[in-house]
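J.: Below you'll find the structure I mean.
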Amino acid sequence: MTFVFRKMKGKRPSALVAACITALCLSCAPPQREVTEPKGFSPKIESIVVIGFRPLVPAGQNPAMAFNPFSGALHYADPVPQELADKLTASLFSRLKTKGGYQFISPGEAGAEAASLGFFHATTNDLEMYQKIGQSLSADAVMAGYIYRWRERKGAEYGVDVPASVAFDLYLMRVADKTVLWRGRFDKTQQSLAENVLDFHTFLKARGRWMSAHELAELGLDSIIENLPKTD
């Protein structure tokens, strides 16, 4: 197979150097470590309402420091359209259904229940809202999270001026007492293999391309869900 590389003025290289150092990366890769399976929750969690993602700073506002109800901390966040959050939520629910292990209640059902309870807009007390939705749907836990950054790639798949960058987190909260049982976080700006040779996993997943923000976020979802504890 022959690879033809063209120099792209003003662009970041992606696969340009990859073919030259892939063999070196593989030969220098660290030995695999034993992976410990995450333990289940106690008391046992069986049903989870998947509320999904919301922007920490809604579209139309300026970038700002905003309060995360789950962590109790302030985070810097860019404005993100709710439509993007909804797409990421749909991808999340699809992956959870495939993973299995729990009874997952859909974001659609959660939204309908929120409306019936009078939660038509975001509230100043998200955890209380999530708890009431979970109680109304007789669930053991709710899953929700926030998007902090969603910056689209500027350029093409094999040469970019600005790479994609996304950041979001996801929480599992027990309905009975609003205790956060589990947290997953993804925060990544794609880099070329030459810039970060240690991030070979992302390079393989991207097949040497510069990913869109959505593709990068999908990679993050896979990573987060993989670490969701299993049922006992």
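J.: Filter the GluC sites (Glu not before Pro) in the range 44-120 to those in DSSP coil with at most 15 other Cβ atoms within 10 Å of their Cβ, and list the result.
T.: Glu46
J.: Applying 1/(1 + (r/R0)^6) with R0 = 35 Å to the Cβ-Cβ distance of Ser138 and Ser212, what FRET efficiency is obtained, to the nearest 0.05?
T.: 0.35
J.: How far apart, in nanometres, would the label points at Tyr76 and Ala90 be if each is projected 7 angstrom from Cα along the Cα-to-Cβ direction?
T.: Each label point lies 7 Å from its Cα, and together they span 3.2 nm.
J.: Convex hull over the Cα atoms of the range 39-109, averaged projected area in nm²?
T.: For the range 39-109, the mean projected area of the Cα convex hull comes to 6.1 nm².
J.: So how much slack lies between Val180 and Gln103, counting 0.36 nm per residue of separation and subtracting their Cα-Cα distance, in nm?
T.: On the way: separation 77, 0.36 × 77 = 27.72 nm, distance 1.85 nm.
Length gained between Val180 and Gln103: 25.9 nm.
J.: Jot down the radius of gyration and Dmax of the range 78-181, Cα atoms only, both in angstrom.
T.: 16.1, 50
Values in this text are rule-based calculations from the coordinates and carry no lab data. The model shown is predicted, which means the values in this text are computed figures rather than measured ones. Every residue, glycine among them, receives a Cβ derived from its backbone with ideal geometry; neighbour counts consider all protein chains shown.
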